[in-house]
Amino acid sequence: VHTVGAGVTPAELAGGDAARFRQTHTINGPIVLSLGAAAYDKGTVHVLEAMRRLWAAGIQVTWVQCGPLLGHFETFYASLTDAERAQTRVLGYVSDAVRHDALAAADIYAQPSRTDSFGIAYLEAWCYGVPVIGANAGGVPAVIRHGVDGLLVPFGDVAALAASIERLLKDRALARGFGAIGRARVAQTMTWEAVYARARGLYGG
């Protein structure tokens, strides 16, 4: 059995406008971004719980969610206070252009899912030099190298997730380093061209 992985085409992701996204959604400070379905198994509820801890500690940061909203998430989101909701932008389905703008504007990408067999969105974030946080579950540890190009936390561990987000918010050099290493790794080994070359090599050999 050989694992060749999946990939992205960086040119198709280019063009995101951070300033446009921030202006459109009235965001001035740092952004934590989550993409995909807002669901428990995707870790979305845990991200929001972690954000609540950071807000309670006085940390100013906006959480942005792009993707379909599942019912249990909507119920949980409705329990937030008005002040907490003011520090979120839950956008639901968005166009590719808005998705790219959000990636360009993000300071951290957080998707601590336990259901991903790979996680293309981590690669998309790296294309924009954004550091990523995932769960030490499923196929994600094969994508994110903990302490090298991102951070891994136990699935459902809100305290660890909040600490990881706070760490990257406060240590911007570390965050930029993770993002830069991730971007270089995508360019070298995680494009569809690179994936095809690995697969072709197996069949040709």
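The values are calculated or read from the model by the stated rules, or taken from the named source; none is laboratory data. Remember, it's a predicted structure, so these values are computed and weren't measured experimentally. Here the Cβ positions follow ideal geometry from the backbone for every residue, glycine too, while neighbour counts run over all protein chains shown. We work out accessible area using only protein heavy atoms, side chains counted, and drop any ligands, DNA or RNA first. Shrake-Rupley method; radii C 1.70, N 1.55, O 1.52, S 1.80 Å.
A few points about this structure:
- The apolar share of the surface of the chain, taken as the fraction of accessible area on carbon and sulfur atoms (1.4 Å probe, ligands and nucleic acids excluded), comes to 54 percent.
- Two-site label geometry, L202 and T75: point separation in nm, points 7 Å out along Cα→Cβ: 4.2
- Tensor-based shape of the stretch 90-205 (alpha-carbon gyration tensor, a/c under 1.5 rounded, otherwise prolate or oblate): prolate
- Each peptide among 102-115, 134-147 gets the average number of other Cβ atoms lying within 10 Å of its residues, and from highest to lowest they stand as 102-115, 134-147.
- Here, the chain yields an orientationally averaged convex hull projection of 11.4 nm² when only Cα atoms define the hull.
- Close amide-amide hydrogen proximity is noted between T191 and V8, each under 5 Å apart and 5 or more residues distant or on a separate chain (H modeled in the peptide plane; Pro and chain starts excluded).
- Positive-pole candidate from L35, S95, V1, dipole of the stretch 1-131, charges at beta carbon: L35
- Put the Cα centre of the stretch 1-70 next to the Cα centre of the stretch 145-168 and the gap is 14 Å.
- Accessible-area rank, largest first, for C66, C127: C127, C66, with all protein chains present and a 1.4 angstrom probe.
- In a reduced charge model with +1 at each Lys and Arg Cβ and -1 at each Asp and Glu Cβ, the chain shows a dipole moment near 380 debye about its Cα centre.
- Normalising the average separation of contacting C-alpha pairs (under 8 angstrom, six or more residues apart) by the number of residues puts the relative contact order of the stretch 83-205 at 23 percent.
- Average accessible area per residue (Å²) across the chain - probe 1.4 Å, nucleic acids and ligands excluded: 46
- Shape descriptor for the stretch 14-70: Rg over Rh equals 1.00 (Cα atoms; Rh from the Kirkwood inverse mean 1/r).
- Phi angles across the stretch 120-132 convert, under the Karplus curve 6.51 cos²θ - 1.76 cosθ + 1.60 with θ = phi - 60°, into 3J(HN,Hα) values of 4, 4, 5, 5, 4, 5, 4, 4, 9, x, 8, x, 10 Hz, Gly and Pro given as x.
- When peptides 158-170, 74-86, 31-43 are ranked by their average number of other Cβ atoms within 10 Å per residue, the highest-first order is 31-43, 158-170, 74-86.
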